[in-house]
Every structure is written in structure tokens, then in C-alpha cells.
Amino acid sequence: MGRWEPDSRGRLEEAALALYGERGFESTTVAGIAERAGLTERTFFRHFADKREVLFGGAGTLQELLVGGVASAPKSAAPMDAVLAALETAGALLQERRDYAQKRQAVIAANTELQEREVIKLASLAGALAHALRRRGVKDPAATLTAEAGIAVFKVAFARWVEASNRRDLPRLVRESLGELQAATAPRHPA
């Protein structure tokens, strides 16, 4: 094995997901992941703090993308429209990694600790979106409510997107899910 291996991080991600699928998250070791990838444990730890980070290492990038999307929305955009634009942008990026997302979600669904970590990640994303909205001048509780609703929309759309039978893209599912939320919260007019 040479000193430099191309796409070490990607190889480690692929190896980890394969092993998590074969052996389960708990039974997979960092040594096993590194061996499967043809790399050393030291290389693994250059890319990831622990084996959970293989699944959650992209959260910072996703947060930056969402916050940047809200910040770059037109000043005239309503708060939810700014969040929707950010979610659609993130969805378009994730669209390219659907196979990875499906495998990742299956691993998380099979492990309570990872499910808790996913909830924490989503809460952190909602907090970052709320902060970005406040920087746009949106007052609380509107900023917090909009951010939380946006993350709820994204969570529902993402769950639909990773289903094996789904053929729609993630940005479309985000729009559809927001439409369903808006329809559910629209005032009813008596007949």
C-alpha cells in the first residue's frame, strides 16, 4: 500500500456502509473499516473522529449550505420561502448521493444511539436556520417556528426520498411536503 491513496475518505465511507450493512453498526470496528478500504486505522482517524462520524461527518457541510441558502435568498423573500430555497439547494446536492443516503438511513434506523444522534443533528440544523433567519431580521418566535417547520418538511421529504419505490427527486419532495404542510394549516372555510 502506498503512502497516498486516492479518495481515502470515500473508500472509508463505502467500506463502513458495507460493513454496517453486513455486520451491523455495533459489530463493526474501525480496524475492520480500514482493512476493508485497504487503508490504515491512522488514515481512518485522519478523516473521522470515530465510526459514527462516517454517518454524520457531512452535517457541517449541510448546515453551511442551508445557512448560506437562507442568507442568499432575496431580501423580499418571505421567511419560509428563504428556508425552502435553502432546502431545495441542499436537496439537489444530496440527490447525487441517493444510494449512499439510502444505506446510511438503513444503518441509522437499525440503531437507537444513531437515531438519537440524527435527532440532535436535525435540531442543530433547525437552530442554525433560525439564527440565519434572525440575521435577516425575522423576529422570534417566527424565526424559530419557520426553521423548525422547515426541518420537519425536510425530514418528511427525505424519508420519502430514500424509500426504494420512490422515483421523485428530493427538491420536488421538499416542495410537495411544504405544500402538504401549508394545506394542513390553511384556514378552513365552512361549506
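The values are calculated or read from the model by the stated rules, or taken from the named source; none is laboratory data. Note that the structure is a prediction, hence the values are computed from the model and not measured. Every residue, glycine as well, gets a Cβ built from its backbone with ideal geometry; the counts of neighbours run over all protein chains shown.
Brief remarks on what is shown
- Yes/no for Lys75 being of a type in the set (D, E, K, R) and within 28 Å of Arg135 (Cβ to Cβ): yes
- Conditions (1) surrounded by 14 or more Cβ atoms within 10 Å (Cβ to Cβ); (2) part of a helix (DSSP H, G or I): number failed by Gln115: (1)
- Lys155 surrounded by fewer than 17 Cβ atoms within 10 Å (Cβ to Cβ), in a helix (DSSP H, G or I) and in contact with a Leu (Cβ under 8 Å, 6 or more places away or on another chain): yes
- A residue that is at pLDDT 95 or above, within 24 Å of Val54 (Cβ to Cβ) and among the aromatic types (Phe, Trp, Tyr) occurs somewhere in the stretch 158-169.
For (1) under 15 Å from the mean Cα position of the chain (by Cα); (2) farther than 15 Å from Val83 by Cα, each residue gets a yes or a no:
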site: Gln115; (1), (2): yes, yes
site: Ala126; (1), (2): yes, no
site: Gly137; (1), (2): no, no
site: Thr146; (1), (2): no, no
site: Phe154; (1), (2): yes, no
site: Ala157; (1), (2): yes, no
site: Trp161; (1), (2): yes, yes
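- Residue within the stretch 122-132 that is out of contact with any strand residue (DSSP E or B) (no Cβ under 6 Å at 6 or more places or on another chain) and assigned to a loop (DSSP other than H, G, I, E, B) present: no
- Candidates Gly58, Gly91 - the one that is at pLDDT below 95 and within 20 Å of Gln182 (Cα to Cα): Gly91
- Residue count, the stretch 37-87 (criterion: acidic (Asp, Glu) and either surrounded by 20 or more Cβ atoms within 10 Å (Cβ to Cβ) or outside any helix (DSSP H, G or I) (or both)): 1
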